[in-house]
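Computed from the coordinates by the stated procedures, all read-outs in this text should not be read as laboratory data. Predicted, not measured: the structure shown is a model, and the values here were computed from it. All Cβ positions, even for glycine, are placed from backbone atoms using ideal geometry, and neighbour counts span all protein chains on display.
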Amino acid sequence: MLNTGGTISYAADGSGLTWSPEAFLADIEMPARVVYREVFRKASINLTPADWEAIAAAVHDALRGGADGVVVLHGTDTMAYTAAALSFLLQNLSVPVVLTGAMRRGGAPDSDGRQNLANALAVAALGDLAEVCVVFSRDERGGAGAILRGNRVRKRHSGALDAFASPNHPPLGFVEGRTVRLGPARVARAPRGKPRYAPGINASVCRIPYHPGCSAAFVAQALAGADGAVVEGTGLGHVATEGGILDAIRQSGKPVVLVSACWEGGVGLGGYDVDREILAAGNIIPGEDMTPETALVKLMWVLARERALDRVRARMREPIAGELTETRAE
């Protein structure tokens, strides 16, 4: 169990003091022997791409040391980014890597942290799973947990106990007590191989939400200071075809991944006449049904490995860790 901080590590008075391992594990019927380590103590809003690599390295060390599963305690605000990053930075997994946290402070009487932790430990120890996932309450009762693919999750609510959802991919399963029920859409445990840590993140990527009034100058300025961008388009992935935004994207020459700002669905260009203008910008890469968080992290990971636009395009459009469903017709 690797602790990085977050609400689950806050005392009831909000002091930010990490609980002792004994307090974390009190009243939990343990499904396995747990080794506890604190990686660092940070609010998740302060985590950086370099911290994703530090967490991935700590997970890799635990797996190389023989762990049969890993639980990462993490703040909820940026958990989706870290979960996506771990899915790319850690490869050839044979056991579960589970992220969880809490919506209410760890020491508070109504805290959901202990139950989320118990569910995460059960999945890590008993789940027939070999991928990065998020385990979090499936409803407001806070008992059973949903098991969600790490690079498919989004934080859907700022205060509810069932704060996470997987809008474009079914849950991998559910957990209640020591019962872990998994569906067919997950990667199953495999004979122990050598997990691979694939470090390398290019943090010079920006995320641009398109909106009416978004100007070409704004887009050009954002791209000037970055090596690539993720643009959240409307609906099926649309941005204005008037006003110069497409010219700004094209002239930058940098990879621009286009995703949909809609909660569900994804990019599906090709059905409208304006789509031809959007797709004519040769450096626009349709992001399929990736979440904006995952598209951003994946582009950071890809740009640390590839710079040629055709290679970046190919890597972004191929599934690496189950982060996108399929390549759709352009």
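So the values come out like this:
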quantity: The chain, helix-only ellipticity at 222 nm - DSSP H runs n ≥ 4, -39,500 (n - 2.57), divided by all residues, nearest 500; calculated: -8000 deg cm²/dmol
quantity: Entries of K155/K254; K194/K298; K42/K298 with Cα pairs more than 26 Å apart; calculated: K155/K254
quantity: Long-range amide H partners of R207 with built H, under 5 Å; calculated: V230
quantity: For the stretch 2-197: rounded, prolate or oblate by the Cα gyration tensor [a/c cutoff 1.5]; calculated: rounded
quantity: Dipole of the stretch 2-197, positive end: most advanced residue of P195, L148, P109 [Cβ charges, Cα centre]; calculated: P195
quantity: Antiparallel %, DSSP beta bridges [both residues in the stretch 205-317], to 5; calculated: 5
quantity: Dipole magnitude of the chain, debye to nearest 20 (Cβ charges: Lys/Arg +1, Asp/Glu -1, about Cα centre); calculated: 820
quantity: Proxy reagent accessibility, fewest Cβ within 10 Å first, across S204, S158, S9; calculated: S158, S204, S9
quantity: Rg/Rh (Cα only; Kirkwood hydrodynamic radius) as it applies to the chain; calculated: 0.99
quantity: Å³ per residue enclosed by the Cα convex hull of the stretch 282-326; calculated: 68
quantity: Distance cut-off 22 Å, percentage of C-alpha pairs in the stretch 205-317 lying past it; calculated: 22
quantity: Interchain or long-range residues, amide H under 5 Å from A43's placed H; calculated: G6
quantity: Zone of T325's modelled label, taken as backbone nitrogen in the stretch 130-162 under 14 Å from a point 7 Å along Cα→Cβ; calculated: 152
quantity: Between the stretch 86-147 and the stretch 27-58, the alpha-carbon center distance in angstrom; calculated: 12
quantity: Expected-Rg normalisation [2.2 N^0.38 Å, Cα atoms] applied to the stretch 190-246; calculated: 1.69
quantity: I285 long-range amide H proximity, modeled H, under 5 Å; calculated: V256, V257, L258
quantity: Shape of the stretch 43-126, Cα gyration tensor, a/c cut at 1.5; calculated: oblate
